1. Taking interchain pairs and intrachain pairs at least six residues apart, which have beta carbon atoms under 8 angstrom, with the first residue in segment A:85-104 and at the interface with chain B (Cβ under 9 Å from one of its Cβ atoms) and the second surrounded by 22 or more Cβ atoms within 10 Å (Cβ to Cβ) and not in a helix (DSSP H, G or I)?
2. Could you please let me know if A:Ala186 is under 18 Å from A:Ala226 (Cβ atoms) and at pLDDT 85 or above?
3. Output yes when any residue across segment B:33-40 is modelled with pLDDT under 85 and out of contact with any helix residue (DSSP H, G or I) (no Cβ under 8 Å at 6 or more places or on another chain), and no when none is.
4. Based on what the data block shows, is A:Thr399 β-branched (Val, Ile, Thr), at pLDDT below 85, surrounded by 15 or more Cβ atoms within 10 Å (Cβ to Cβ) and in a helix (DSSP H, G or I)?
5. With away from every other protein chain (no Cβ under 14 Å) and at pLDDT 85 or above as the only criterion, which of B:Gln255, B:Gln242, B:Gln251, B:Gln236 stands out?
6. Going through A:Leu557, A:Leu597, A:Leu582, A:Leu561 one at a time, which residue ends up being buried (at least 19 other Cβ atoms within 10 Å of the Cβ), in the same structural domain as A:Leu645 (by the TED database) and not in a helix (DSSP H, G or I)?
7. Given A:Gly543, A:Gly550, A:Gly536, which one is touching a Phe, Trp or Tyr at 6+ places or on another chain (Cβ under 7 Å) and either more than 20 Å from A:Ser457 (Cβ to Cβ) or crowded, with 23+ Cβ neighbours inside 10 Å (or both)?
8. Filter segment A:731-742 for residues that are part of a helix (DSSP H, G or I) and within 24 Å of the chain's Cα centre (by Cα); which is farthest from the other protein chains (Cβ to nearest Cβ)?
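The values are calculated or read from the model by the stated rules, or taken from the named source; none is laboratory data. Just so you know, these numbers come straight off a predicted model, no measurement behind them. Backbone-built Cβ (ideal geometry, glycine too); neighbour counts: all protein chains shown.
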Amino acid sequence: MPYISRRPPPSLSTLDGKRIRDLLLLQASPAAKAHAPTPPEIPPPPRRARRGAPGKEPPKAADRSALAAHMAAAAVMVSSAGSLLAMLQEPAPELKLHALASLNSLVHAFWHEISTSVSSIESLYEDEEFDQRQLAALVASKVFFYLGELNDALSYALGAGALFDVSDDSDYAQTLLAKALDEYAAIQSRAAGEDKTMDPRLEAIVERMLDKCIRDGKYQQAMGMAVECRRLDKLEGAISQCDNLHGALSYCINLSHQYVSHREYRLEVRTFNLDDWDYKPCHTIQLLILQCLVKIYQTSPNPDYLSICQCLMFLDEPETVASILDKLISGSNDDALLAYQTAFDLAENENQAFLLNVRNHLDALSSARSDADSRATNAATEPSGDVQMGDDVNMPNGTALTVDPVKVAHADRLTKIKNILSGETSIQLTLQFLYSHNRSDLLILKTIKQAVEMRNSVCHSATICSNAIMHAGTTVDTFLRENLEWLGRATNWSKFSATAGLGVIHRGHLQQGRALMAPYLPQNGAVGSASPYSEGGALYALGLIHANHGEGIKEFLRESLRNTSSEVVQHGACLGLGLAALGTADEEICEDIKNVLYTDSAVAGEAAGIGMGLLMVGTASEKATEMLAYAHDTQHEKIIRGLSLGIALTVYGREEEADTLIEQMTRDQDPILRYGGMYALALAYRGTANNKAIHQLLHFAVSDVSDDVRRTAVLALGFVLYNEPEQTPRIVSLLSESYNPHVRYGAALAVGISCAGTGLSEAISLLEPLTSDVVDFVRQGALIAMAMVMIQINEPYDSRVGAFRRKLEKIILDKHEDTMSKMGAILASGILDAGGRNVTIKLKSKSKHDRLTAVIGLAVFTQFWYWYPLTYFISLAFSPTALIGLNSDLKVPKFEFLSNAKPSLFDYPKPTTQQTATASVKVPTAILSTYAKAKSRAKKDAESKAKEKAEVAPPPSEDTSASTSMQVDGAAAEKKAPEPEPQFQLLTNPARVIPAQEKFIKFLDDSRYQPVKTVPSGFVLLRDLKPTEAEELVLTDAPSTAAGTNAPAPSASEQGSGAMAVDEEPQPPPAFEYTS
Amino acid sequence: MDPKLTEVAQLFARFKAAYARNDLDACVTLLSQLKVQLTKFPSLPPLFQQTPNAVEELKLARDIYEHAVVLSVKLEDQDAFERDFCQLKPYYMDTCGIIPPSPEEYPILGLNLLRLLVQNRIAEFHTELELLPVKALDHPCIKHAVELEQSFMEGAYNRVLSARQAVPHETYVYFMDLLAKTVRDEIAGCSEKGYDSLSISDAKQMLMFSSDQELHQYITEEHPEWEIKNGSVFFQKAKESQPCKEIPSLQLINQTLSYARELERIV
């Protein structure tokens, strides 16, 4: 699809030094074609090559002579066009004509000669009496094309009229068509006030091309061009003529999401009349396309409600979505399944405001209906029935309950769908999945714990943090329970962090979150229950548990905030409130936080700044100016930093709207505010790959005087580019070699952020050298970034993962390593195995929508540079990698499906064994280890010799393990003859499906359950083909029992035979040792 | 024989007849008809199609254009000469191997060289010369032109002027006459550079004019910027001192500063 990947080359006109220019060259200039005499600056772009079709029509008159010339060329060829040019000067018009026709066919060879006398050809074109002006125009156009004057070439090509052949396959025709399209699109996209006069000839050419594409069946090209040129009539035509309607529509949706959003079309105009779109300026092209699509969808015989609702979400039409959902849940069982699926898909995009609206409309709809029903039945007896409409939602449902079983089902479905939309269902299911599939490796933690020095509080709290991340969302707190005494060494802010870590572990445990944290929470009246640090930490933990779903906890947090005067507790409460009320812009909460801010206490003020930002995410409200003003007033750097990040959060996703504020911040005297400006740029243009933003960031990265600003500017690139992770390593590769360690650090994190969870090879290659940088904090950043990139990638998939794990272990065990990089390594081990090895970092949802919580989470996470407790924000970016099939009761039935790849490729990493742990303890005594090594080598040699004698053929080595440095113990290999690894694997619902695995997922045709929508991950509603049979359910609400403080949580070492035992995992491999 | 070819051949015969009886007007009309007819042959340049009559057609066309060149000399029309010669050239350059070389080739090439010399287009003269094979330089027509050019460059104008007597071909006379004027222009140009002023008699002698009047006429036509006063010709006005070129200091300073700034920014 050449169309999508296309984007305007960055403008390079400004003078920021060659280096920046090089950095900005996102697209390598296509190599000049060898055969063409074209100057290199006008490479005939091959990108359009597929667009204008090389239709095999009979060549036109002009071309016929060209053809003849080529045929004769083998024999004799003129050496110069001089004779023809001379003939052009002849007075007789026949001679001129002959000369022109000949020139037209020879222009590709002699354009350089003709160019000197192109003026005479031009004058021929301008000569009104000359009857072949079009031919003259064509020749002139070709000459200008070869000279690289595309504008002139185009204007003469337009003059050539019908002689300019759109189906021509030459470089000339293709380049000019591309140029014509660009021109046309540029004129079409001009805003209302500007000059929009359209050359009718240009329009004619573009239309000819569009029609031709449609005629030739090149629908995708036609659609792409139509979108770019804002010709929705053609778009509709292309879609409706396309034989593969569904393919065309999904392609079109992709186009509108990926390509159109690049073009900064704003979604300002919300209402639009479809009938007169012709007459309106097309700056809401995306809306138009989507509306166009919705129209086509709705007219199609079996509408694809999933896609319609996705479109409608972008159009922000909750009413329509609600009515569709309402229609579906009133229908058959299958329809209800479809409704649930739609709701899950919508909920995944985390657009809280929209989802809330849909829920409200659903309520209104159903109450209106049951109201109408009850009025029909009770009209005579209950004349006051109409007043209850909208007043009491439960009442109509309540009456319906007694009336009709159909209505009972409807009410039941309504509750379910509302729960799905509110996100509760998915949170709960996710929690159950993460709990039951937790495969975190406690040995790693144990190793870290033993290696870390007692007095080193940085590493101590990093270990606690690492544990929290490893068990994020799993509710498994075994490690903490087993090491309570060790845990107790955390004092002051470490205590704060340790308590907050519980929030990460229990993330999403909405029902019991508060009960879990109760021992640490501030008690009204009761003094001395705990230190303010653990109280504050507990409030922060509550926020983390309820992040973005804080309806139930907001009030409690507010209460706590108001009732305390301790700045540590205030700190925790502000962060907690911000998280729980993420993006709600609640006025009252805002007032409370502001009061804390105005106490001008450094500790509380910092959190208040961030908290306000979280509360106001993406609102671009007036509050930002207020915050900026206070940032200028206050003396405390901490508060300024908190506020500047907060301001940055408010402009999330606002793109150009935020430009004034960004300008204000980036021009400020105070480096901390400029630093905030970098974040504002990052968040406002998150995932847009906007050239202007990239340009600005690169400029600051190399020109600002403050290291902090430079570091942040580079880091911010990661946010701007996360929709195109392949680009980032290339753009920051030079910066990663900078002399300035801050810039290197930023480059590492930028790659980590934008390539998170991709395992991208280029990203790993870029980070690898940085992990052994000379500066300790660069190593720290690189280790963390590497872990983010490699999350969920295992060794058979990329052998460098194994090397990285070993490197982490080495750094942690090394006594002489700097604290900074040690801390990085500890955190990296946590991130690498985050969420019980069942989550990844995902900044975009499946429907390419930005995941607000995740982006915000990562942005605040990067603040750990200044404030370690903020590390926990990374948990917001985690998203479970699971395929969870659900039946119509939203329960998880037993169901199998196929992963069409070698199991080892996507398996959990093998658990570390006790042996490596003990071996690593022995490492310091160098003599012993060499001795042991030598001994083992000798032993192995002897063994292999013996074996060779015994059996002639050596045991075949497995292909995957051969590439790694592992070596299977000879004895074990003899016992267990290595079987060839199967090429597929049956997975049982719910299963871990990591992103790289998604393309291998197949659903079995003969299964009892059929998916409503064949998606390879996330929540999938299953249609039960044998509804009468009893269902076997898995995933009961296990975590709630485990949550009870007395129930022992399963330790990771027994996970293989764990309570759920739903996975038929292969047995752990025999013992092995590292030989490297 | 192809009827079209016959037709053209007949037309060409009529042209030659008219040419022989020196009816130049008839020649011009016939010639333009001939040229139009020639465009209908695909075997001619630039197409060079392999038709059965290609050789005859090419020969005929070459003959026609050779006559056209000679005719233009006779008409003393330099533009037409250039046009016709350019159209004739592919027949000399690109048809080797198809038709035998023409006996008129070197005289006409020499004529063209002479024309370039007359028009003082020395660069093109040498380009043309380079295109010729080495043995062609021995041909008297070419040799004549080359020698003329050498004398011309040396400044041996007397040799140039005396060469008129030794023309290798009668058509050359026209250009030799024109050459005298070219020489005069050269001399005028040199004098302008060499002297501040010249007395009228010296100027007359130098520019090879027999009377003062001719000199006056020449000056008013060709060099109106010259001034005649006190019995002398003053070239001063033409040599108004050109403004001394300024050193672009500001630009250089800016450039250096921007280099320094960019060096700072290297990351």
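1. Final answer for the pair search is A:Ser102/B:Pro46; A:Leu103/A:Ala81.
2. No.
3. Checked against the condition, which is being modelled with pLDDT under 85 and out of contact with any helix residue (DSSP H, G or I) (no Cβ under 8 Å at 6 or more places or on another chain), segment B:33-40 yields no hits at all.
4. Yes.
5. None of the others qualify; the one that does is B:Gln251.
6. Sole residue among the options that is buried (at least 19 other Cβ atoms within 10 Å of the Cβ), in the same structural domain as A:Leu645 (by the TED database) and not in a helix (DSSP H, G or I): A:Leu582.
7. A:Gly536
8. Ranking the qualifying residues of segment A:731-742, first place goes to A:Ile731.
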